[in-house]
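Q: Handing you this structure, nothing more for now.
The values are calculated or read from the model by the stated rules, or taken from the named source; none is laboratory data. Just so you know, these numbers come straight off a predicted model, no measurement behind them. Note that we place each Cβ from the backbone using ideal geometry, even for glycine, and neighbour counts take in every protein chain shown.
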Amino acid sequence: MRAELRKLLGLPTAWVGLVLGLIAAPALVLVNAPGMRRAIDSGQTADLGYENLGIGLLGALILGVVTVSSEYTSTGDDAPGAHQMTATLLAMPRRSHLLVAKGAALVLVVAVQGALTASATVWLTRVVLPEHAPPFAPGRMAAAVLYWVLLALLAYAVTLIFRNGVITLTVFIINSSVVSVSYLLTKLTPWAAYLPDIVGAHMFLRSDLIDLRISPVTAGLVMTMWVVALLAVAAYLFHRRPA
């Protein structure tokens with residue numbers, strides 16, 4: 001785990017995810033201050049401050065992807081078929097131990113990142129809107145951090161399945177920031193509300209994101225089931241495939 005943690009923190013792309021995850025949400029508080037004041041005037045204060053945490057998940061997604069994709073990146077033009085995973089498996093032949101170590105390192109980094117970002121975002125909201133900002137809610141902030149961790153593990157599992165970080169990250173970014181396919185599907189069937197990127201937000205947001213209301217506990221359980229299922233598929237394929 002220590003080796004995987006050092007490996008992750010040694011990746012330049014991982015630092016992009018770290019910095020993006022740390023500063024995006026607090027910066028959005030300042031940029032979105034007029035919008036938050038309009039929300040106050042219309043009485044929509046349930047998620048004041050917390051809704052800005054959504055943009056920070058991009059950092060967690062990047063970390064989840066590069067944890068795996070860096071292992072499958074070509075080591076050079078002279079040997080395009082060679083990659084880091086070969087050396088990693090020589091150092092740690094037990095693949096199950098390797099997956100656990102990588103996942104644990106990812107969870108630790110994203111949890112610290114999420115805790116710092118959530119605290120800074122809520123605190124800054126109280127500075128900008130002292131009379132209307134919600135009080136610190138440790139349980140709600142912990143749910144937001146857990147959502148980040150689960151999303152990072154989801155990206156980790158999907159990247160491990162497809163072994164292509166560029167495609168995986170592009171799909172995740174487009175779906176979370178440009179157009180949400182999951183949200184569009186909720187217009188066709190209510191079952192789409194239980195897709196991971198939709199249901200997970202209910203863990204810490206209280207306003208009605210869609211027509212169907214999902215409790216935070218139910219949202220957390222469904223999100224966890226998605227992650228466990230995809231990790232199981234990823235682990236199976238990782239053990240069956242050659243390096």
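Residue by residue, here is whether (1) among the aromatic types (Phe, Trp, Tyr); (2) over 14 Å from VAL145 (Cα atoms); (3) part of a loop (DSSP other than H, G, I, E, B) holds:
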site: VAL199; (1), (2), (3): no, yes, no
site: HIS202; (1), (2), (3): no, no, no
site: ARG213; (1), (2), (3): no, yes, yes
site: MET223; (1), (2), (3): no, no, no
site: TRP226; (1), (2), (3): yes, yes, no
site: LEU231; (1), (2), (3): no, yes, no
site: ALA235; (1), (2), (3): no, yes, no
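Q: A further question follows. Just to check your reading of the model, which residue among LEU30, LEU48, LEU58 is over 25 Å from LEU154 (Cβ atoms), modelled with pLDDT under 90 and in a helix (DSSP H, G or I)?
A: Details: LEU48 fails: in a helix (DSSP H, G or I); LEU58 fails: over 25 Å from LEU154 (Cβ atoms).
LEU30 is the lone residue from the list that is over 25 Å from LEU154 (Cβ atoms), modelled with pLDDT under 90 and in a helix (DSSP H, G or I).
Q: Against the condition within 30 Å of HIS239 (Cβ to Cβ) and either at pLDDT below 85 or among the small types (Gly, Ala, Ser) (or both), how does ALA157 come out, does it pass? Before the answer, list the steps.
A: Numbers: within 30 Å of HIS239 (Cβ to Cβ): yes; either at pLDDT below 85 or among the small types (Gly, Ala, Ser) (or both): yes.
For ALA157, the condition - within 30 Å of HIS239 (Cβ to Cβ) and either at pLDDT below 85 or among the small types (Gly, Ala, Ser) (or both) - is met.
Q: Kindly indicate whether any position in segment 137-157 is over 19 Å from ALA24 (Cβ atoms), more than 17 Å from the chain's Cα centre (by Cα) and of a type in the set (A, V, I, L, M, F, W, C).
A: yes
Q: Kindly evaluate ALA193 against the criterion of being surrounded by fewer than 22 Cβ atoms within 10 Å (Cβ to Cβ) and in a helix (DSSP H, G or I).
A: Values: surrounded by fewer than 22 Cβ atoms within 10 Å (Cβ to Cβ): yes; in a helix (DSSP H, G or I): yes.
Yes: the conditions hold for ALA193.
Q: Given the criterion out of contact with any strand residue (DSSP E or B) (no Cβ under 9 Å at 6 or more places or on another chain) and within 22 Å of ALA152 (Cα to Cα), identify the matching residue among LEU184, LEU212, LEU195, LEU188.
A: On the way: LEU184 fails: within 22 Å of ALA152 (Cα to Cα); LEU212 fails: within 22 Å of ALA152 (Cα to Cα); LEU188 fails: within 22 Å of ALA152 (Cα to Cα).
None of the other options fit; the residue is LEU195.
Q: Further, regarding this structure: For segment 172-188, how many residues meet the condition of being of a type in the set (Val, Ile, Thr), surrounded by 14 or more Cβ atoms within 10 Å (Cβ to Cβ) and under 16 Å from the mean Cα position of the chain (by Cα)?
A: 1
Q: How many residues, within segment 82-109, are within 30 Å of LEU48 (Cβ to Cβ) and free of Cβ contacts under 8 Å to residues at least 60 places away in the same chain?
A: 1
Q: Cβ-Cβ distance below 7 Å, separation of 6 or more or different chains: which pairs start in segment 168-179 with a residue that is under 14 Å from GLY54 (Cα atoms) and modelled with pLDDT under 80 and end on one that is of a type outside the set (A, V, I, L, M) and surrounded by 14 or more Cβ atoms within 10 Å (Cβ to Cβ)?
A: ASN175/SER182; ASN175/ASP197; SER176/ASP197
Q: Suppose we keep only residues that are of a type in the set (Val, Ile, Thr), at pLDDT 90 or above and surrounded by 15 or more Cβ atoms within 10 Å (Cβ to Cβ) within segment 89-122. Which one would you say is farthest from VAL68 (Cα to Cα)?
A: Initial filter on segment 89-122 (of a type in the set (Val, Ile, Thr)): 100, 107, 109-110, 112, 117, 121-122.
Among the residues that remain, those that are also at pLDDT 90 or above are: 100, 107, 109-110, 112, 117.
Checking which are surrounded by 15 or more Cβ atoms within 10 Å (Cβ to Cβ) leaves us with 107, 109-110, 117.
Values: VAL107: 14, VAL109: 15, VAL110: 15, THR117: 24 Å.
Applying the filter and picking the extreme gives THR117.
Q: Here's something else I'd like to know. Going by the structure shown, is ALA152 within 16 Å of LEU57 (Cβ to Cβ), surrounded by 13 or more Cβ atoms within 10 Å (Cβ to Cβ) and not β-branched (Val, Ile, Thr)? Break it down into steps so the answer makes sense when it comes.
A: Working: within 16 Å of LEU57 (Cβ to Cβ): yes; surrounded by 13 or more Cβ atoms within 10 Å (Cβ to Cβ): yes; not β-branched (Val, Ile, Thr): yes.
Considered against the rule, which asks whether it is within 16 Å of LEU57 (Cβ to Cβ), surrounded by 13 or more Cβ atoms within 10 Å (Cβ to Cβ) and not β-branched (Val, Ile, Thr), ALA152 comes out as yes.
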